[in-house]
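Readers should treat all values here as calculations from the given coordinates under stated rules, not as data from a laboratory. Here the structure is a predicted model, which means the values were calculated and not measured. Cβ coordinates were reconstructed from backbone atoms using ideal geometry, including for glycine residues, and neighbour counts include every protein chain displayed.
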Amino acid sequence: MKIEAFFMSMDEMIIGIQGVKAAFHDMAARKYFDLKEIQLAEFRDFRSMSKAVASGEINYAMMAIENSLAGSLLPNYGLLEEFGLSIIGEEYLRIEMQLMALPGQSLNQINQVMSHPIALRQCDPFLSKYPTWRITEAEDTAGSAKEIAEGKLHGVAAIAGKLAASTYGLEILASSIETNKHNYTRFLVITREQANCDMCNKASLRLILSHTPGSLAHALTLIEKEGINLSKIQSVPIVGKPYEYAIHLDLEFKKLPQLTAVQKKLASICVGLKTIGIYKQGNKPVKV
């Protein structure tokens with residue numbers, strides 16, 4: 001199992017997700033915790049989920065932070081900072097879209113398709129084959145499947161992950177209808193406090209640099225000299241300070257002393273430095 005020693009027993013664990021049961025956040029949580037069933041707390045949006053983690057209402061949550069096609073979810077970087085949350089793990093999930101409806105129906109009986117707007121866009125070429133279908137945007141992929149099942153909506157299909165079909169008793173009418181077969185989302189495992197991890201090899205830092213020429217280049221040089229790989233750099237607006245930005249870095253290292261050394265050096269040149277998380281790197285998608 002991927003669960004580290006600092007996790008509490010599964011009977012006490014509640015994992016927050018954005019969306020409903022069988023959403024992609026649920027799939028990512030099951031994959032990370034290596035469990036078929038977990039205790040979920042469902043949230044309509046990331047803000048309410050983050051607030052629940054910060055207040056101690058729930059222990060952990062899965063938070064999407066970037067997608068290989070759509071890019072970074074900038075508001076979620078802001079939530080990590082606003083609520084003082086820590087990253088203790090990550091999971092990469094392949095995003096596969098299935099068309100599903102109540103059992104016993106065929107494609108030619110469908111007249112409406114529901115799903116999250118991003119999921120709909122990722123399936124445009126498939127949907128274009130059926131110009132008579134009415135496309136309806138919804139808040140959630142799995143939520144669309146749930147609505148069809150609970151309302152017994154004949155003639156209506158949902159686009160969601162495979163788990164949604166089995167969870168809500170729907171039948172898959174068309175499999176893997178997404179346009180890009182290399183679409184992945186990276187999810188963070190977040191909690192209130194940082195945890196010790198002997199096997200950690202990745203860290204997420206937030207830097208605020210002085211407005212002087214070469215300040216970012218200087219910081220990146222310090223990272224390079226420690227033999228640390230910079231796997232991601234993301235600028236995020238600082239709330240209340242127009243046109244000022246924090247720099248979020250994901251660093252991959254082999255030994256913890258490398259990180260300790262670079263943290264000390266960065267602290268000496270940064271206006272502000274915060275370690276958001278030190279954790280074990282997830283299995284990145286295999287390049288083909």
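Things to note:
- For the chain, cysteines whose Cβ has no other cysteine Cβ within reach (under 4.7 Å): CYS123, CYS270
- Using every pair of distinct Cα positions in the chain, the Kirkwood expression returns a hydrodynamic radius of 20.5 angstrom.
- Theoretical ellipticity at 222 nm over the chain - DSSP helices of four or more residues, -39500 (n - 2.57) apiece, nearest 500: -8000 deg cm²/dmol
- Between the range 70-135 and the range 155-192, the alpha-carbon center distance in angstrom: 7 Å
- Close amide H contacts of ALA174 (hydrogens built in the peptide plane, cut-off under 5 Å, sequence separation of 5 or more or a different chain): LEU99.
- Residues with amide H under 5 Å from that of ILE15, placed H, sequence gap 5 or more: GLN39, LEU40, ALA41
- Net charge in the neighbourhood of ASN229 (other residues with Cβ under 14 Å of its Cβ; Lys, Arg +1, Asp, Glu -1) is +2.
- Net charge of Cβ neighbours under 12 Å - reference GLY78; Lys, Arg +1; Asp, Glu -1: 0
- Potential lengthening between HIS154 and ALA70 on full extension [0.36 nm per residue; Cα-Cα distance subtracted]: 27.0 nm
- Here the gap between GLU137 and ASP45, fully extended at 0.36 nm per residue and compared with their Cα-Cα distance, gives a gain of 31.5 nm.
- Taking every DSSP beta bridge that has both ends in the range 98-174, the antiparallel portion is near 45%.
- Summed residue charge, Cβ within 9 Å of ALA203's Cβ, Lys/Arg positive, Asp/Glu negative: -1
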